[in-house]
Amino acid sequence: MNKKPKFHFTAPKNWLNDPNGLTVFKGEYHMFYQHNPVNPYWGNMTWGHAKSKNLFDWEHLPHALEPGKDLSEDRDGCFSGSGFVMGDDLYLAYTGVAFEEYIYNEHGNKVLTHDDAMISTQIFAKSSDGINFQKLKKPFIKAPKYGDMAHFRDPKVWKKGDIWNMVVGSKYENKGKVLVYQSKDIKNWELKNEIQKENMGHMWECPDIFEIQEKHAMIFSPMGIGTQEQENLAGYMMGDFDYKNAEFKYKDFHLIDEGFEFYAPQTFEDDYERRILIGWLIMHSPFEGENWTGMMTLPREIKRVGEKLRFSVVKEFENYRKDCIKISDETQSKVIKRDKNLYDMELEFETNKDKEIILFENCQKGLAINFNSKTKTIILNRENVINGLESLKTFGVRRESTKIEVEKIKLRIIVDTSVVEIYVNDGEICMTAVVNPEKDQKNIVLNGSFSNICIWDIKK
Ligand code: FRU
């Protein structure tokens, strides 16, 4: 397993997508995730499960939800959803799907013959030990009559005062929207409102509304707003959520991560009142010779600054920093030899001149991070570190950040085997990329002048 990251969560084997049911239960973090237990491609959606005390060392547990077990509404999959604690129990809310017309694809997985040939139902499950879950008879929430029965999924449940709230992603007349439900007892739910926005794609997946420093944010994953390379993107809108009318008054849409494969994030609040986000890094197929596909981002704490959110790796990650290497200010060009693609690095530079950093480098070939002093943007180019892996090519090789209009930039770069997360100015911008380095692609090259350069090995 050469390419398996050490700090980014992956399934023990086979396919993984969205994080689900992120919660703290009896002092431990629980992560569920969309998992295909059969092979490393999408299908047979089951809820994988792991728990952790520190968000980085995960203990894998038996599957929490399996399709078709005890129910027919979820016979073809237990799609994404959320978790919440009520009394002494851990609850899950998820989408059960039943395929009406399907075929078996080249990997032997059951897939729809056309996008609309399924019925989706919101279903709840409950556990007292946080390991064994029992699916509940009530509620079973069907799509509203005028709605789209196929595309109605990813319930996120949270409590405010005495009211339980739930947002569900959906689609109607080829436009994405979020349905907002409320309940007093989690059994009977009333559809209270809808959240929509013009020209924002044909389906909104994985909605999540939360309070953040006296405001609200809605995170969601609209399908069809990106480019041909990456049609589906994940972002947020800041605003105010009025619980009485279940109304959300929102402002502009912003991307959460401006890198390549970030999608379907979910947030939760932990015991320290931190709002933490984990996103999925999409891979369509495994690295050559490996039996796992897909990884999660590092857990990111969210803060609000004005009308924008900032994301930074939770502070526990610093416990894994070992042996800081300080590098004297660099003015020209420097090669820093590394023996592993496992480090956490910080550096600063002035924005009046172009800069280049090459990671995963060997003979000048690697992942290029360029700062362009004219456009004031960061450009990521991974064409020299894809090494033929088709599944990365589908997302393209180049990304350019939004404009950064400050005199000095501070970067934090975390490199973990086959993935890199870049945080610009304390998480104002994040850029994440999965890469496929060859054995010798390990060095760091700095071209231009940099200051306060510090590199830590990261070790468990
Ligand atoms: C997002 C998503 C969800 C769905 C799940 C199925 O990646 O499409 O909307 O519930 O994945 O695996």
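The table below lists the values:
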quantity	calculated
Sparse-neighbour loop sites [trypsin sites (Lys or Arg not before Pro); the range 373-405; at most 12 other C-beta within 10 Å; DSSP]	Lys374, Lys403
Radius ratio Rg over Rh of the range 83-211, counting only Cα atoms, Kirkwood formula for Rh	1.00
All Cα pairs of the range 103-151, percent lying beyond 17 Å	58 percent
Loop-resident sites, the range 177-206, for trypsin sites (Lys or Arg not before Pro), counting at most 13 other Cβ within 10 Å (DSSP)	Lys184, Lys187
The range 1-145: Rg to Rh, with Rh as the Kirkwood radius over Cα pairs	0.98
Percentage of interatomic Cα-Cα distances in the range 394-437 larger than 15 Å	49 percent
Over 32 Å (Cα to Cα) - which of Lys51/Lys408; Lys326/Lys403; Lys315/Lys408; Lys3/Lys322; Lys126/Lys192 fall in this group	Lys51/Lys408
Percent of alpha-carbon pairs separated by more than 38 Å within the chain	22 percent
Relative contact order for the range 44-189, counting Cα pairs under 8 Å that sit 6 or more residues apart, in percent	17 percent
Chain lengthening between Arg274 and Asp426 when straightened (0.36 nm per residue, less Cα-Cα)	53.1 nm
Length added when fully stretched, Asn199-Asn2, from 0.36 nm per residue minus Cα-Cα	66.7 nm
Bins of 5 Å, starting at 0 and running to the largest distance - Cα pair percent for the range 238-389	2, 6, 11, 14, 18, 18, 13, 9, 5, 2, 1, 0, 0
Exceeding the 26 Å Cα-Cα cut-off - candidates Lys159/Lys251; Lys142/Lys308; Lys142/Lys197; Lys4/Lys53	Lys142/Lys308
Neighbour-limited loop hits for trypsin sites (Lys or Arg not before Pro), the range 19-102 (at most 15 other Cβ within 10 Å; DSSP other than H, G, I, E, B)	Lys26, Lys53, Lys69, Arg75
15 Å reach of a label modelled at Asp88, 7 Å along Cα-to-Cβ, counting backbone N of the range 11-55	26-27
Distance between modelled label sites at Ser72 and Glu348, nm, 7 Å Cα→Cβ extension	6.6 nm
Magnitude of the charge dipole, the chain, Cβ model with Lys/Arg +1 and Asp/Glu -1, debye to 20	440 debye
Scattering curve values for the range 376-460, log₁₀ I(q)/I(0), Debye with Cα scatterers, q = 0.16, 0.17, 0.23 Å⁻¹	-0.75, -0.84, -1.39
Helical mean residue ellipticity (222 nm; -39500 (n - 2.57) per DSSP H run of 4+; nearest 500) of the chain	0 deg cm²/dmol
√(5λ) per eigenvalue of the Cα gyration tensor, the range 1-45, largest first, Å	21, 15, 7
Exposed-loop-free span, longest in the chain, where chymotrypsin sites (Phe, Trp or Tyr not before Pro) count as exposed if DSSP calls them loop and at most 10 other C-beta atoms lie within 10 Å	273-460
Quarter of Cα convex hull surface for the range 173-291, i.e. mean projection, nm²	10.5 nm²
Equivalent ellipsoid semi-axes, the range 253-303, via Cα gyration tensor eigenvalues times 5, rooted, Å	26, 14, 7
Expected-Rg normalisation [2.2 N^0.38 Å, Cα atoms] applied to the range 40-108	1.32
Cα-projected label distance for Lys138 with Ser333, points at 7 Å along beta-carbon direction, nm	7.3 nm
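Bear in mind these aren't lab numbers, they're just calculated from the coordinates by the rules spelled out. Note that the structure is a prediction, hence the values are computed from the model and not measured. With ideal geometry, Cβ positions are generated from the backbone for all residues, glycine too; neighbour counts draw on all protein chains shown.
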